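Peer 1: The structure follows.
The values are calculated or read from the model by the stated rules, or taken from the named source; none is laboratory data. All of these numbers come straight from a predicted model, not from anything done at the bench. All Cβ positions, glycine included, derive from the backbone under ideal geometry; neighbour counts span all protein chains shown. Surface areas here come from the heavy atoms of the whole protein model, side chains and all, with no ligands, DNA or RNA. Shrake-Rupley method; radii C 1.70, N 1.55, O 1.52, S 1.80 Å.
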Number of protein chains: 2
Amino acid sequence: MDPNLEKILAPLRQEVKEQGDLVRSLKEKNAPKVDIDAAVRLLKDKKRNLESKEASLVPENCFIDKTRLEDVLKRRFFYDLSFSIYGGVSGLFDYGPPGVALKKNILRQWESHFVLEEDLLEIEASQLTLEPVLKASGHVDRFADLMVKDTKTGECYRLDHLIKNHLEKLASAKDCSSEKRQEIQMVLAKLDGFSKEELTEIVRKYEMKAPASGNDLTDPVEFNLMFSTSIGPTGLVKSFLRPETAQGIFVNFKRLLEANQGKLPFGVAQIGKSFRNEISPRGGLVRMREFTMAEIEYFVDPENKTHPKYESIKHSKLNLYSACNQMNGEQFTNMSLHEAVEQGIVANQVLAYFLARIHQFMIKIGMDETKIRFRQHMSNEMAHYATDCWDCECLTTSGWLECIGCADRSCYDLSQHSNATKVKLSANRPLGSPKQVNIVECVPQKSVIGKVFKGDAKLLMDEMANADEAKICEWEKELNAGILKLSIGEKSFDLTKDMVHIKRETKLAHVEEVVPNVIEPSFGIDRIMYSLLEHNFKIRSDNQLRTYFTFPAVVAPIKCSVLPLSNNEEFYPFVNDILAKLKSEGVKSKLDGSSESIGKRYARTDEIGIPFGITVDFDTLKEKTVTLRFCETTEQIRVPSDAVHSLVRDLATGKTNWSEAKKHWPEFVGQTES
Amino acid sequence: MDPNLEKILAPLRQEVKEQGDLVRSLKEKNAPKVDIDAAVRLLKDKKRNLESKEASLVPENCFIDKTRLEDVLKRRFFYDLSFSIYGGVSGLFDYGPPGVALKKNILRQWESHFVLEEDLLEIEASQLTLEPVLKASGHVDRFADLMVKDTKTGECYRLDHLIKNHLEKLASAKDCSSEKRQEIQMVLAKLDGFSKEELTEIVRKYEMKAPASGNDLTDPVEFNLMFSTSIGPTGLVKSFLRPETAQGIFVNFKRLLEANQGKLPFGVAQIGKSFRNEISPRGGLVRMREFTMAEIEYFVDPENKTHPKYESIKHSKLNLYSACNQMNGEQFTNMSLHEAVEQGIVANQVLAYFLARIHQFMIKIGMDETKIRFRQHMSNEMAHYATDCWDCECLTTSGWLECIGCADRSCYDLSQHSNATKVKLSANRPLGSPKQVNIVECVPQKSVIGKVFKGDAKLLMDEMANADEAKICEWEKELNAGILKLSIGEKSFDLTKDMVHIKRETKLAHVEEVVPNVIEPSFGIDRIMYSLLEHNFKIRSDNQLRTYFTFPAVVAPIKCSVLPLSNNEEFYPFVNDILAKLKSEGVKSKLDGSSESIGKRYARTDEIGIPFGITVDFDTLKEKTVTLRFCETTEQIRVPSDAVHSLVRDLATGKTNWSEAKKHWPEFVGQTES
């Protein structure tokens, strides 16, 4: 960054650093939680100050013209609001032809980069998900935002957005005193950290009303963000549309482990739709109610988080924005992953490996490397079970946008589902040398139990089968003392020694049981696509009216346009032959045989990012060559008409590139671009 | 078919034919509808008799061993009940690794065969669908099955299934008189044709009770098969999970027409999930509550249903099972499409073209040609707006299974959405020569209307803007007579001459407006996949314990296995080199380095249909060649180890095939298969 700008930022950075140091020292001293929380909140406040100052100093020309981008996206039907002829509904979008093609190509690269390269198992689980599954995962209880309702009309507002809008309006009013303004800015800065009660108090204090009607508001309530429905005609089988694809992998863990011959580590991938019933979504593809995710769950031995291919990536340098950087008021650091792992910044090799692979993937599909960073979650941001978590963020006109999460979720998910279903979700770790283990088992005396407890016998047997060693030893004591009182659900049973046999034996074990940990790279495909559109949107320096996209050929929606110079019938045998050959090579291409000037037609194909254009002209008739034009540079070369399809195929699949092609074929300067 | 069997069937065929003739003559005579309906019902009855006799005569060995197929599918995790560790729920399935790969490969072939080859536009619309959209499409009112409930427990039963099970049980009871049995068989035969009232009567007459409890049943009610949910927090934006993908295309018609530069014909494709809340689904992948569809909507000029590529397919011969065949008690006829179009059996060229393309697709992905037929809907089966409809059916162990529908839906869908939204969904047809047209317009006098009707002015202007010529002429009469009374919704307005100006002018028109018709090929991907599994499941003739699949290489889940003959470390440099090269060619392959015999390992890869296997053995060390084995024939050839990856790539992409490969490389007889 410009040293002059750094001078402006220096005092802000210093403030963050001092507050960060305070948080650290409080933690070291094991200070009371309430003090730490207060200090962390102030730290976030100062961090936000710094970041908004940084953003305000970025020169205008670093950003794209968002209005023009949005115009192209809508006009060329990359995507649009769903059901727009019915008025639409916010948060739902339909992808049109170039949008679908771009998205599919991104996903195809993803499959090749991850599923094929990493030998991942792939599954496709149901979107409709039974309530108990999402109860176990925590979504039924915790996947919620606070909202308030208009007491008369019932209109709903997301609480944090309501407060923010109200206070910002207050502060910007002319008659707002500077004291008041400062007070409001303090509240706004701390908004994310407030509890439900504190937020309620703020609504009361500032006498907030429903913006649309001026009516009173209800107290805040939690609104669960899952779409609910019921399966079957009774209405009793409650279910939800999944809020993430991951749970579909966890519930299939046993079969997937089998498919990997019972061995750790292994990874599982899934691509599919997920759903979040946002309270009032804005921001286009960035906040959708129905969206596409691509997730990987990589299961590892909890005591061995090394990765066999770590060596191949350890020297990769990434923009790492560590929790420490954030606490120190610093920018991200470009750092090798090996350094980061050695210094304990990235928790383990597996995480580091996936960060590197994510970075490679983003570059491959055409992201601007200077606009990508990996931001580590600060300890108070992470789910309590996660041990480390990094977000891959892309710089867009709306700031740094979280596109991919990469978290070490420990054994949380498998344990939760195992507890809920009593199905063991674990793997066997081979022991270096076999060892003697003592086994305690609780063997029910079926005939006695059956006679005494009849219909409840099965309940008792299940309880015994699932008991662990500690529990069995406890039971044994009670039995030895006379009677074992067992409570299962709402029932309780008295068991005597003749009903249960406690069995002890020694076995030679070759394996021991472990609950795998899971590292989860999770991709928001629509956000990735949106960032990609921003990173590749360009305006011609010599003609501000013309825009184009610089998608890499492998992800471009259409690879090649075929343009006859005019409607001359003699051109068509060549045009049709080239189109047919491109098809047979699987290269998606598009004929533009309209009567407009070649320049206008180029502009039209540039606008949707078609990288290559073949023009059939009078020289084609004479010498059987065509023009091949590259959108990004508008350079043209002259290629034999019967060789152009295989050249375009190689360009489209990334087997060769434009600079190589230029070396082989003569440059052509002829048709004008205007 | 065996002539002896035909002798048995002849009288049944004759009966169907006679009844078919009766129906035809009744229709010709314009007989009362009630008489025709009765005759059609009896015709169906006789047809069913014939078909079940035909099925019973098929020799056992024509069918596969379904139990063994299902064992393989479950054990190797092609698919399984979703959330099985939570007990699962019927109608929801998760695809495991080989299942996902097979399905994706089928879809990839579909994209290449249809989207790429036919230059279709592709879209991806939301699954969540607003209620008004599905109201207009007819699904809210008509997409329902009849069901009855247990009056005490609330358990639900699909009415037709309940009656069928009850009556079949009655008829098979030992004490059932032969009279009674005949009566029941008559009822069963006519089951599909009964009205709600008739079915209610049957439930009463046979005193049916809830099967599980013996309790009384409620009267039948219609149960809508769509999953409902609401969007946003108010609960007021009612919506459904789409029951088909098609509507997402129709509502985007305007933008798609624009994307095709306003020209007809053009086709639009969409692949995605759809949902049907079946009352009590059975039958695995055949009846799913969440399933994948691939649909094409091909929009044509209603007066021009020719297809530019018709010539290329008109000589294709398909198994056509026309409505006429069905009425005559005949089997399907193998017939050229041109003949069928000429004879009016297939309604138009566009339909014929897509039937041919569907047939090619099914063969390409590996269906057994002898087990595919195209069955025409009989006139009483078709939706009232459809002009012709053919189902592509696959013969499976559950009989002929409808996998693909191909219908001419006329202008129904576009008209419905246009009526519901008042948005014009039409295209312009260029006129051969421009013509003079008279235009009548109703021009509101805004200032007067605004003053008089205030807030309702917009309502009135919209009504005028959308009025057609006939309506305007009617209004003109009323105005001339004094006052025009307009009713809009529940409001009514009195308009006078000063408020409205009826304008007439003559224009030179170069185009005329048409509402396109649509031909819809609609693919049920899961059913196609299930049929494909059945058509390709085989048992080794020399070893009944071993099963394999004969998927074509292009759709096989994994293309190639790589097997070191033993754990000898010297094999691994070759193994790893081959694996890396296959990966870089994008060929999905699988290492099996376990210590089991090579025969057992082949069996394991055969079981999931991996077509090719590379074995690295001691000769590899000596002469740098490997064995390549073909699953279907178990033949082996010997190929240089540095050439095998490109050979497998060409085999996997269909660029070459096994018989070609055998010509180039020496046969190898060495490793045993056992």
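Peer 1: Quick check on my filter: what residues within the stretch A:245-261 are more than 9 Å from chain B (Cβ to nearest Cβ) and surrounded by fewer than 20 Cβ atoms within 10 Å (Cβ to Cβ)?
Peer 2: A:ASN260
Peer 1: Another question, then. What number of residues within the stretch B:131-149 are at pLDDT 95 or above and open to solvent by 30 Å² or more (accessible area, probe 1.4 Å)?
Peer 2: 3
Conditions (1) modelled with pLDDT under 95; (2) β-branched (Val, Ile, Thr), marked per residue:
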position: B:LYS559; (1), (2): no, no
position: B:PHE571; (1), (2): no, no
position: B:GLU585; (1), (2): yes, no
position: B:ASP592; (1), (2): yes, no
position: B:THR615; (1), (2): no, yes
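Peer 1: Need the failing condition index for B:ASN304 against (1) open to solvent by 20 Å² or more (accessible area, probe 1.4 Å); (2) within 13 Å of chain A (Cβ to nearest Cβ), just the number.
Peer 2: (2)
Peer 1: Counting residues that are more than 14 Å from chain B (Cβ to nearest Cβ) and open to solvent by less than 60 Å² (accessible area, probe 1.4 Å), which helices (runs of 4 or more DSSP H) fully inside the stretch A:1-100 reach at least 3?
Peer 2: In the stretch A:1-100, the matching helices (runs of 4 or more DSSP H) lie at A:3-28, A:33-57.
Peer 1: To continue, here is another question. So, of the residues in the stretch A:220-234 that are among the polar types (S, T, N, Q) and either touching a helix residue (DSSP H, G or I) at 6+ places or on another chain (Cβ under 9 Å) or open to solvent by less than 30 Å² (accessible area, probe 1.4 Å) (or both), which turns out to be farthest from the other protein chains (Cβ to nearest Cβ)?
Peer 2: Going through the qualifying residues, I end up with A:ASN224.
Peer 1: Under 6 Å between Cβ atoms, which residue pairs at least 6 apart in sequence (or on different chains) link something in the stretch A:421-437 that is among the hydroxyl-bearing types (Ser, Thr, Tyr) with a partner that is open to solvent by 70 Å² or more (accessible area, probe 1.4 Å) and at pLDDT 90 or above?
Peer 2: Hits for this filter: A:SER426/A:GLU513.
Peer 1: Please give the number of the condition B:ALA269 fails out of (1) open to solvent by 10 Å² or more (accessible area, probe 1.4 Å); (2) within 13 Å of another protein chain (Cβ to nearest Cβ).
Peer 2: Failed condition: (1).
Peer 1: Right, another one. Quick check on B:TYR321: is it within 30 Å of B:LEU43 (Cα to Cα), surrounded by 20 or more Cβ atoms within 10 Å (Cβ to Cβ) and among the hydroxyl-bearing types (Ser, Thr, Tyr)?
Peer 2: yes
Peer 1: While we're here: Would you confirm, using the coordinates I've provided, whether B:THR625 is closer than 30 Å to A:GLN109 by Cβ and polar (S, T, N, Q)?
Peer 2: Spelling it out, it is not the case that B:THR625 is closer than 30 Å to A:GLN109 by Cβ and polar (S, T, N, Q).
Peer 1: With the checklist (1) under 21 Å from A:ASP45 (Cβ atoms); (2) within 14 Å of chain B (Cβ to nearest Cβ); (3) over 26 Å from the mean Cα position of the chain (by Cα) in hand, flag the one item A:GLU197 doesn't pass.
Peer 2: Going through the list (1) under 21 Å from A:ASP45 (Cβ atoms); (2) within 14 Å of chain B (Cβ to nearest Cβ); (3) over 26 Å from the mean Cα position of the chain (by Cα), A:GLU197 breaks only (2).
Peer 1: Name the single residue that is farthest from the other protein chains (Cβ to nearest Cβ) among those in the stretch A:166-175 being surrounded by 14 or more Cβ atoms within 10 Å (Cβ to Cβ) and farther than 13 Å from A:GLY214 by Cα.
Peer 2: So the residue we want is A:ALA171.
Peer 1: State which residue pairs qualify: first residue over 22 Å from B:LEU43 (Cα atoms) and inside the stretch B:368-389, second residue β-branched (Val, Ile, Thr) in any location, beta carbons under 7 Å apart, and separation of 6 or more residues or different chains.
Peer 2: Close Cβ pairs satisfying both conditions: B:GLU369/B:ILE363.
Peer 1: Which of the following residues is in contact with a Phe, Trp or Tyr (Cβ under 9 Å, 6 or more places away or on another chain), open to solvent by less than 20 Å² (accessible area, probe 1.4 Å) and facing chain B (nearest Cβ under 10 Å): A:ARG242, A:ARG289?
Peer 2: Only one candidate passes the filter, namely A:ARG289.
Peer 1: In this structure, is B:VAL237 touching a residue at least 24 places away in the same chain (Cβ under 8 Å), buried (at least 18 other Cβ atoms within 10 Å of the Cβ), within 9 Å of chain A (Cβ to nearest Cβ) and more than 30 Å from B:HIS161 (Cα to Cα)?
Peer 2: Taking the combined requirement at face value, the residue does not satisfy it.
Peer 1: Given (1) more than 27 Å from B:ILE85 (Cβ to Cβ); (2) more than 12 Å from chain B (Cβ to nearest Cβ), where does A:GLU297 come up short, assuming only one miss?
Peer 2: (1)
Peer 1: Please list, ordered by first then second residue, the pairs with beta carbon atoms under 9 Å, 6 or more apart or interchain, first in the stretch A:451-463 and touching a residue at least 12 places away in the same chain (Cβ under 8 Å) and closer than 19 Å to A:ASN419 by Cα, second among the small types (Gly, Ala, Ser) and open to solvent by 40 Å² or more (accessible area, probe 1.4 Å).
Peer 2: Taking only residues 6 or more apart or on different chains, the pairs are A:LEU459/A:GLY489.
Peer 1: Criterion first (modelled with pLDDT of 95 or more and either hydrophobic (A, V, I, L, M, F, W, C) or on the phi > 0 side of the Ramachandran plot (or both)) does B:PHE83 satisfy it?
Peer 2: yes
Peer 1: Further question on the same structure: Of the conditions (1) farther than 20 Å from B:LYS205 by Cα; (2) within 12 Å of chain A (Cβ to nearest Cβ); (3) open to solvent by 50 Å² or more (accessible area, probe 1.4 Å), B:LYS152 satisfies every one except a single condition; which number is it?
Peer 2: (2)
Peer 1: With a cut-off of at least 3 residues that are open to solvent by less than 40 Å² (accessible area, probe 1.4 Å), name the strands (runs of 3 or more DSSP E) lying wholly within the stretch B:555-674.
Peer 2: Here the list reads B:560-564, B:612-616, B:625-630, B:636-640.
Peer 1: Test B:SER418 against the criterion of being small (Gly, Ala, Ser) and more than 28 Å from B:ALA136 (Cβ to Cβ), and give yes or no.
Peer 2: no
Peer 1: Filter the stretch A:155-165 down to the residues that are open to solvent by less than 60 Å² (accessible area, probe 1.4 Å) and under 13 Å from A:ALA210 (Cα atoms), then identify the one that is nearest to the other protein chains (Cβ to nearest Cβ).
Peer 2: Restricting to residues being open to solvent by less than 60 Å² (accessible area, probe 1.4 Å) and under 13 Å from A:ALA210 (Cα atoms), the top hit is A:CYS156.
Peer 1: It is to be established whether one or more residues within the stretch B:496-509 are of a type outside the set (Lys, Arg), surrounded by 12 or more Cβ atoms within 10 Å (Cβ to Cβ) and without any contact (Cβ under 8 Å) to a residue 40 or more places away in the chain.
Peer 2: yes
Peer 1: Just name the residue that is modelled with the lowest pLDDT out of those in the stretch A:203-219 that are open to solvent by 50 Å² or more (accessible area, probe 1.4 Å) and within 17 Å of A:LYS169 (Cβ to Cβ).
Peer 2: A:ALA212
Peer 1: State whether the residues of the stretch A:277-285 include one that is open to solvent by 10 Å² or more (accessible area, probe 1.4 Å), in contact (Cβ under 8 Å) with a residue 12 or more places away in the chain and under 26 Å from A:VAL518 (Cβ atoms).
Peer 2: No, the stretch A:277-285 contains no residue that is open to solvent by 10 Å² or more (accessible area, probe 1.4 Å), in contact (Cβ under 8 Å) with a residue 12 or more places away in the chain and under 26 Å from A:VAL518 (Cβ atoms).
Peer 1: If you check A:ASN334, A:ASN325, A:ASN380, which single one turns out to be under 21 Å from the mean Cα position of the chain (by Cα), over 21 Å from A:PHE114 (Cβ atoms) and not hydroxyl-bearing (Ser, Thr, Tyr)?
Peer 2: A:ASN380
Peer 1: Considering the stretch A:122-149 alone, what residues qualify as being hydroxyl-bearing (Ser, Thr, Tyr), outside any strand (DSSP E or B) and more than 7 Å from chain B (Cβ to nearest Cβ)?
Peer 2: A:SER137
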